[in-house]
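To start, the structure under review is shown below, and the notes come after it.
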Amino acid sequence: MGAPLDAAVVFRRPAVCCAILAAGAAQRFRGGNKLLAAFRGRPLLQHAVDAACASAAVACLLVVGDDAEAIENEVETRRCAIVQNSGWREGIAASIRRALGERPDDDACIFLVGDEPFVSAGDIDALIAEHERAPHSIVALRTKKTWGTPTLFPRSDYAKLLRLRGDRGAKSYATRLQRRLRFVNAAHPQAFSDIDTRADLERLR
């Protein structure tokens, strides 16, 4: 009979949540909710939902604003839990706080935006893998010299992220902590090609 495993060496996979921030007003996109606009046969937001749900994240949140009903009707949310952000008019910080308040005990949270259709489940898994190697680091996706969401923050950063207000996103916080930043390279060169206007949508189509 083999010797019992030493509890100190048993590896526990970190509990990482992926939160899709989809409550913005998208004022530059004229006519309708841009996240529901068709892109390559699916609503734009569906690409982010599919990537998050196919990843190794233990839970997925979809933070929505006043278009919650339309999003639920037109997007297959899969294993994403719908989280209503009644304070969406404040800016992206309100969605960050709402997501962290929903799952405060996870080891880390990845923030993902809904208008970057080239971010993949593999990109999200790469962030989680890097977190396993460096659990106290902030880990961001990067293409060449550009970096941004999705970005992973360990639980030790939650208290300060909860102090964000207005349109100050998590990147503004991470930028001040360069020594703790680590990067993983995106699988697709257009990972940060987000869609703000109808012209952006047509160009990427």
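Being exposed (fewer than 15 other Cβ atoms within 10 Å of the Cβ) and either farther than 16 Å from Leu21 by Cα or modelled with pLDDT of 95 or more (or both) is the filter here, so list the residues in region 186-200 that pass it.
Pro189, Gln190, Thr197, Ala199
Out of Ile82, Ile124, Ile71, Ile128, I need the residue that is closer than 26 Å to Gly166 by Cβ, modelled with pLDDT of 95 or more and of a type in the set (A, V, I, L, M). Which one?
After applying the criteria, what remains is Ile82.
From Leu62, Leu45, grab the single residue that is in contact with a helix residue (DSSP H, G or I) (Cβ under 6 Å, 6 or more places away or on another chain), under 26 Å from Asp125 (Cα atoms) and either hydrophobic (A, V, I, L, M, F, W, C) or assigned to a helix (DSSP H, G or I) (or both).
Answer to the selection: Leu45.
Might you let me know whether region 158-169 holds any residue that is of a type in the set (Asp, Glu) and farther than 23 Å from Asp115 by Cα?
Looking through region 158-169, none of the residues is of a type in the set (Asp, Glu) and farther than 23 Å from Asp115 by Cα.
Residue-wise test of (1) under 14 Å from the mean Cα position of the chain (by Cα); (2) modelled with pLDDT under 95.
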residue	(1), (2)
Arg155	no, no
Ala159	no, no
Gly166	no, yes
Ala170	yes, yes
Arg180	no, no
Val184	no, no
Glu202	no, yes
Arg205	no, yes
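Tell me which residues, restricted to region 117-134, are over 13 Å from Phe183 (Cα atoms) and either assigned to a loop (DSSP other than H, G, I, E, B) or in contact with a His (Cβ under 8 Å, 6 or more places away or on another chain) (or both).
Of everything in region 117-134, those that are over 13 Å from Phe183 (Cα atoms) and either assigned to a loop (DSSP other than H, G, I, E, B) or in contact with a His (Cβ under 8 Å, 6 or more places away or on another chain) (or both) turn out to be Pro117, Phe118, Val119, Ser120.
Could you list, in sequence order, the residues of region 37-54 that are closer than 16 Å to Leu204 by Cβ and surrounded by fewer than 24 Cβ atoms within 10 Å (Cβ to Cβ)?
Hits for region 37-54 are Ala37, Ala38, Phe39, Arg40, Gly41, Arg42, Pro43, Gln46, His47.
Picking from Lys145, Lys160, which residue would you name as being without any contact (Cβ under 8 Å) to a residue 12 or more places away in the chain and of a type outside the set (Ser, Thr, Tyr)?
Every option except Lys145 fails the conditions.
The values are calculated or read from the model by the stated rules, or taken from the named source; none is laboratory data. Please read these numbers as outputs of a predicted model, since none were measured by experiment. Don't worry about glycine lacking a Cβ; one is built from the backbone with ideal geometry, like all the others, and counts go over all protein chains shown.
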